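The values are calculated or read from the model by the stated rules, or taken from the named source; none is laboratory data. Predicted model only: the values in this text are computed from it and were never measured. No Cβ is skipped: glycine too gets one built from the backbone with ideal geometry, and neighbour counts run over all protein chains shown. What goes into the accessible areas is simple: the full protein's heavy atoms, side chains included, and nothing from ligands, DNA or RNA. Shrake-Rupley method; radii C 1.70, N 1.55, O 1.52, S 1.80 Å.
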Amino acid sequence: MSRLSQALLGAVLVFLYMPIVVMVVMAFNRSALYELPIEWDTVWFQALAGNERLLTASMNSILIALANTVIATVLGTMAALAFARFRFRGRNLMRLLLLPTITIPWLIIGTAMLVLFFWIGIGRGLHAILLGHVALSIPYVVIVVGARLAGFGPALEEAAASLGASPWQTFVRVSFPVIAPGVVAAALFAFAVSFDQFVISYFLSPPGVSTLPVEIYAAIRKGFTPEVNAISAIIILVSMGLMLAFARLYRFGGERGS
Amino acid sequence: MSETARRRRAIVGLTAPAYLWLLLTIFLPLAAMLCFSVLTVAPIGGREPALTLKHYAAFLEKDFYRDLTWRSVRLGLDVTFWCVVVGYPAAFALARHVRGCWREALFLLIVLPFWSNGLVRVFSWTIVLRDGGLLDRAVHWVVPGAGALDIIYSYPATVIGLVHSFVPYMILTCYLSLQAIDDSLIEAARSLGASAARTFLRVVLPLSLPGLVAGAVLIFVPVVGSFMEPRILGGTQGIMLGTVIEDQFTTVFNWPLGAALSFILLAIVLAVMLAALPVLRGRLAGAEGASS
């Protein structure tokens, strides 16, 4: 690789990682005003352990993300199976209808959900947030699992059926083991979508109930609290870990490169 | 049960749950918002709304909203521009000059931050850009006696934060279209006497245009609708269409006006996507035609 390319890619990586590294390092700084030199201390992590609001919000985020992962993965995988194995009228239209969720700014979707949910009595709360997160996750699950399904034709399933397996047996014993890595990748993806989601949660959370990103936003707007730094450092490390796991399973981009 | 009936039941059974969910959470809400945008007051709590177009009229008549929309569009254009400036060369270097496992590792490193929390990444820039922060110190270390940097809570700070959030999109889409270019096309151009610059302009750039346009759309659309980033990094210069819509729903409680502004934002988004569609489709079709 040429010198210029090395310098260029190096500069881009510094730009991408510098603020994240600074934030994680500052989470361990005793000074609340980010003064240098750094006095290493875990005082903010201890403060975090005593911050009920942030802990409750974290628990809400994790519970919603888990529920979202299960629901979105099941519903999305079912739809992906239908698209992969059947040709029917409206199939293309239905696949097109997945796009608005991905392409319309979350601000519009979030405020629109708020309007409808208030109107028809669903209201705001953790249940409303879960409704919204699943909607955002389904299209990604359909795409990720669909890509895996496209990789193997119906021949295996037809063979199983011709040997006398019921549709359910065929799915459990033949199809699922083949698409399993795709389903696991989609589930990780759905978890990350929900755990990181701020905009939808923000509009659908009533006073007193919130998820972690909503709580962080409120804290940043009120003026900074160093505990936010500590929890942010944890979030960054967790979500990057999740995505490394996702990349190992799905190898997006990598395979084409080699 | 006949074969077609069984087939139909399978299709409906597999797709209905997901699409009913999307109906309730995406399509009905958008319809409800359209209704709200033509009402005088929100029909909640027993108030009697009447039909009106005054919220859309206000948008056309008041300079405030037009300026606001232009600010948001300009923010979208600026962020997209800088993402191209930073992202395209990086994608080019990655696709053309890096091989093997290095390429895979670098690719992963570039898309990784993208999947971490956007709010947290914007927050991290407040630590870097604040007075007495890392950037301020670095500048004063290089140029002692330089004035205060004073960049936090400004338009440039917002642009920096948003470019940081969205540049991986541009690198990703440009990389995918650049690495798909057949090396023999470039060799052919060079052996026929084209200079490196001419080869780039006449061969590489047109073939990678779909990636460039796709990246630009994927960045422009969310940036026009952004409110959290301008709010945190932009200070008093951070008033955008997005932040005003946020206010209508969270502090001012003028939902019909907020709904009308959201639909104007949606119209801008759709216009941009429709404008980009022929480029994407035409170029993709052209590439297929050329390869066959």
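Return the pair list, or none, for Cβ contacts closer than 9 Å from residues in the range B:96-122 that are facing another protein chain (nearest Cβ under 7 Å) to residues that are basic (Lys, Arg), at least 6 apart or on different chains.
Between residues of the range B:96-122 that are facing another protein chain (nearest Cβ under 7 Å) and residues that are basic (Lys, Arg), the close pairs are B:104/A:251; B:113/B:121.
Out of A:80, A:128, A:135, report the one residue that is more than 7 Å from chain B (Cβ to nearest Cβ), modelled with pLDDT of 95 or more and either closer than 23 Å to residue A:189 by Cβ or not in a helix (DSSP H, G or I) (or both).
Of the residues listed, the single one that is more than 7 Å from chain B (Cβ to nearest Cβ), modelled with pLDDT of 95 or more and either closer than 23 Å to residue A:189 by Cβ or not in a helix (DSSP H, G or I) (or both) is A:128.
Looking only at the range A:151-204, how many residues end up being over 23 Å from the mean Cα position of the chain (by Cα), open to solvent by less than 40 Å² (accessible area, probe 1.4 Å) and not small (Gly, Ala, Ser)?
Looking only at that region, the number is 4.
So which residues in the range A:205-240 are more than 10 Å from every other protein chain (Cβ to nearest Cβ), open to solvent by less than 10 Å² (accessible area, probe 1.4 Å) and within 17 Å of residue A:67 (Cα to Cα), if there are any at all?
Within the range A:205-240, just A:211 meets the criteria.
In the list A:112, A:84, which residue meets the criterion of being hydrophobic (A, V, I, L, M, F, W, C) and buried (at least 24 other Cβ atoms within 10 Å of the Cβ)?
Step by step, each of A:112, A:84 is checked, and only A:112 is hydrophobic (A, V, I, L, M, F, W, C) and buried (at least 24 other Cβ atoms within 10 Å of the Cβ).
Please determine, by comparing only the residues of the range A:241-252 that are more than 9 Å from chain B (Cβ to nearest Cβ) and either open to solvent by less than 10 Å² (accessible area, probe 1.4 Å) or out of contact with any Lys or Arg (no Cβ under 9 Å at 6 or more places or on another chain) (or both), which one is modelled with the lowest pLDDT.
Result: A:249.
Go through the range B:87-131 residue by residue and tally those that are over 17 Å from residue B:176 (Cα atoms) and open to solvent by less than 50 Å² (accessible area, probe 1.4 Å).
So the count comes out to 15.
Checking residue B:220 against (1) of a type in the set (Phe, Trp, Tyr); (2) in contact with a Gly (Cβ under 6 Å, 6 or more places away or on another chain); (3) open to solvent by 50 Å² or more (accessible area, probe 1.4 Å): exactly one of these is not met. Which one?
For residue B:220, the failing item is (3).
Identify, by number, the condition in (1) of a type in the set (A, V, I, L, M, F, W, C); (2) touching an Asp or Glu at 6+ places or on another chain (Cβ under 7 Å); (3) not assigned by TED's automatic domain parsing to the domain that holds residue A:145 that residue A:57 doesn't meet.
(3)
Wholly within the range A:140-204, which helices (runs of 4 or more DSSP H) include no fewer than the required count, namely at least 1 residues that are in the same structural domain as residue A:82 (by TED's automatic domain parsing) and free of Cβ contacts under 8 Å to residues at least 12 places away in the same chain?
Those helices (runs of 4 or more DSSP H) span A:155-162, A:167-170, A:176-196.
Hey, can you tell me all the residues within the range B:223-256 that are of a type outside the set (Val, Ile, Thr) and surrounded by fewer than 20 Cβ atoms within 10 Å (Cβ to Cβ)?
Of everything in the range B:223-256, those that are of a type outside the set (Val, Ile, Thr) and surrounded by fewer than 20 Cβ atoms within 10 Å (Cβ to Cβ) turn out to be B:235, B:237, B:247, B:253, B:254.
Checking the conditions here, which among A:32, A:11 is over 15 Å from residue B:126 (Cβ atoms), surrounded by 13 or more Cβ atoms within 10 Å (Cβ to Cβ) and of a type in the set (Gly, Ala, Ser)?
Step by step, each of A:32, A:11 is checked, and only A:11 is over 15 Å from residue B:126 (Cβ atoms), surrounded by 13 or more Cβ atoms within 10 Å (Cβ to Cβ) and of a type in the set (Gly, Ala, Ser).
Mind checking whether some residue in the range B:68-76 is assigned to a helix (DSSP H, G or I) and surrounded by fewer than 13 Cβ atoms within 10 Å (Cβ to Cβ)?
yes
Can you work out which of the residues in the range B:132-170 that are within 24 Å of residue B:239 (Cα to Cα) and hydroxyl-bearing (Ser, Thr, Tyr) is surrounded by the most Cβ atoms within 10 Å (Cβ to Cβ)?
Across the range B:132-170, the extreme among qualifying residues is B:158.
Does residue A:104 fit the bill of being β-branched (Val, Ile, Thr), open to solvent by 10 Å² or more (accessible area, probe 1.4 Å) and under 26 Å from residue B:214 (Cβ atoms)?
Yes; evaluated as a whole, the condition is true for this residue.
What number of residues within the range A:98-116 are more than 7 Å from chain B (Cβ to nearest Cβ) and more than 13 Å from residue A:199 (Cβ to Cβ)?
3
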